[in-house]
Structures are given as structure tokens and as C-alpha cells.
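The values are calculated or read from the model by the stated rules, or taken from the named source; none is laboratory data. These numbers come from a predicted model, not from an experiment. With ideal geometry, Cβ positions are generated from the backbone for all residues, glycine too; neighbour counts draw on all protein chains shown.
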Ligand SMILES: [Zn+2]
């Protein structure tokens, strides 16, 4: 019967979704580690291109949905509150480690997502016209791995040097705190 086979197909799809979810749960530890890097990751030397399967191995399910399927994290989420607390440092792409933003361009737009008024590495960012949802917006992507990061809005009246708001999904940013010179070098031993 046709309906029976449809039910089987739905059950299979649901099973697949479940197994993907549990995969994500299993890698939750790795996710926490990847959010804050101790030192700056090596910068990619050339464009990064991977299959969906390869991306799924290195990204959390949420990062995959944002970077590869252009989804948006919910506002006022965990990543946003972490972003607000972070001090000086740089923000790298969770997909390919390319530096994208730094704390120097960060500002509080009170919109529920991490906001920057500029990028710190212009060559690592590209913008694409986005006409989804019946509006015209400017999508922001990583220029190295082509991952979706968010959108950029201009002329909203923010008191920043550019009056631009790079509205970025915090889940796909890796924060690398600035190393204070002398912090890890034992000084004063020969004094
Ligand atoms: Zn990237």
C-alpha cells in the first residue's frame, strides 16, 4: 500500500534526524572547546571547500545549519551573552579559522546578535545580495570557506565610525582572547 510505504519513509527520515541529533550531542564537549581558542589558529592559505559530510564532521549541528544552510540562530541566545562578556581578542570563522572581526570593531547594538561596525580582515569577508523573505538584504559570508555568517545593515543611525552593523551569528565565531605580553613568559627571574 502506498500509504504504508509513505509512513515507512517518514519513519526512516525521522530516524535519520534522530541519529544526527545524537551525533551532535555526543560532540557537545568539542563544541565548548571550539568556542574559545587559547591561541590564534593557523590562517587558511587558500579557499576551503568541503562536502556536506566533511563539514558535518567538524561543525556542530547548529554551526552547520548556519554556515552551510544559511540559517539564523535565535536572538538573545547563549552565544550572544558570551559575546557581550568577551574582552579584547579576535573572532575567527568556526568553519575555516579565517580571522573575520576583532573586539576593536565590536559594539552593543542591543539586537540580540553579536554586532560589529566593520571587519578586521576585509579580504576574508564577502557580501552577497540576499532577496530571501521578500526583502533585499546584504548577506555576509566568509570569503575563505563561503560560509554564511549573517547580514550587514547600513545607515541605521548607530553612533559608530561606519554606521554599519554586521549582524553575525555568534555560534559560528571562534573567539581568540588577546594574549597580554609577558603573561606566559616568566619575567623577573634574573632580577
Ligand atoms: Zn570560513
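Of these, 133, 153, which one is within 17 Å of residue 72 (Cβ to Cβ), free of Cβ contacts under 8 Å to residues at least 12 places away in the same chain and away from the ligand (no atom under 16 Å from the Cβ)?
Matching residue, one of 133, 153: 133.
Going through the range 82-101 one residue at a time, which ones are away from the ligand (no atom under 16 Å from the Cβ) and either touching a helix residue (DSSP H, G or I) at 6+ places or on another chain (Cβ under 9 Å) or closer than 28 Å to residue 49 by Cα (or both)?
Listed by number, the residues that qualify are 82, 83, 86, 87, 88, 89.
Somewhere in the range 127-146, is a residue within 19 Å of residue 178 (Cα to Cα) and at pLDDT 95 or above?
No; the residues of the range 127-146 include none that is within 19 Å of residue 178 (Cα to Cα) and at pLDDT 95 or above.
Give the number of residues within the range 96-112 that are within 13 Å of the chain's Cα centre (by Cα) and at negative phi.
5
For residues that are closer than 19 Å to residue 143 by Cβ and surrounded by 12 or more Cβ atoms within 10 Å (Cβ to Cβ), tally how many sit in the range 65-91.
6
Taking the condition of being outside any strand (DSSP E or B) and either surrounded by fewer than 18 Cβ atoms within 10 Å (Cβ to Cβ) or within 11 Å of the ligand (Cβ to nearest atom) (or both), how many residues in the range 159-174 meet it?
6
With the condition kept exactly as written, say whether any residue in the range 22-36 is modelled with pLDDT of 50 or more, surrounded by 10 or more Cβ atoms within 10 Å (Cβ to Cβ) and under 24 Å from residue 150 (Cβ atoms).
Among the residues of the range 22-36, at least one is modelled with pLDDT of 50 or more, surrounded by 10 or more Cβ atoms within 10 Å (Cβ to Cβ) and under 24 Å from residue 150 (Cβ atoms), which makes the answer yes.
Which number in (1) within 14 Å of the ligand (Cβ to nearest atom); (2) farther than 24 Å from residue 36 by Cα marks the one condition that residue 141 misses?
(2)
State which residue pairs qualify: first residue touching a residue at least 60 places away in the same chain (Cβ under 8 Å) and on the phi > 0 side of the Ramachandran plot and inside the range 51-70, second residue within 15 Å of the ligand (Cβ to nearest atom) and outside any helix (DSSP H, G or I) in any location, beta carbons under 9 Å apart, and separation of 6 or more residues or different chains.
Listed pairs, sorted by first residue: 70/139; 70/148.
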